[in-house]
Amino acid sequence: MTAVHQDGSLPQHGHLPQPGHRDSVRLLGFPRDGRHVLVIGGGRVAAHRVDALARSNHLVVVVATHLCDDMYDLLAERRISWENRAPRPSDLDRAWLVHAASGDAALDALVCGWVESRRRPRRVSRGGRSS
C-alpha cells in the first residue's frame, strides 16, 4: 500500500496541504477490512498519513513517545490507539502495513530493517520528516 496523487506521482515527504486546499493524496485499497496498521511516529507527517488510514475499517496503532495535536485529535476521536513508548521488533507481529514516519531517519531505517529481516510479505511505507 502506498499513497499516490491522482496523477500517479508520489507526494513530497513532509508536505501538508494548506487550509482549504483539497488533498489529492489517496490510498490504494487494502484487500480486506480489519488489517492491523502500525505507525511509528506521532508528528505531523505521521498524523497526515494516519488520518486517511483511520477513516477505514482497519486497526491503526501508533507507537511514539509524543503526539502532535492532530494525532491527539485522532486519539480523542478513538480512531487510533497509542502506545506511549519507543518501538520494538515485536510491534510488527500483527502488522499488515508498517509506516515509519518518526522524523528520525535512523529510527525509520531501523524499523524498515526489522520488517525486511522477517522476510515475510509486508508492505512498508517510509515517511518523511515529522515535526
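Below is a table of values for the structure above.
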read-out: Built amide H within the under 5 Å cut-off of residue 83, gap 5+; value: 62, 63, 64
read-out: Accessible area per residue, Å², segment 56-104 with all protein chains present, probe 1.4 Å; value: 54 Å²
read-out: Rg in Å to one decimal, and Dmax rounded to a whole Å, for segment 51-115 via C-alpha atoms; value: 11.8, 32
read-out: Diffusion constant of segment 78-119 at 10 °C, which comes from Stokes-Einstein with the Kirkwood Cα-pair radius and 1.306 mPa s, µm²/s; value: 141 µm²/s
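The values are calculated or read from the model by the stated rules, or taken from the named source; none is laboratory data. Here the structure is a predicted model, which is why all the values come from computation and not from measurement. Ligands, DNA and RNA are excluded from the accessible area calculation, which covers all protein heavy atoms including side chains. Shrake-Rupley method; radii C 1.70, N 1.55, O 1.52, S 1.80 Å.
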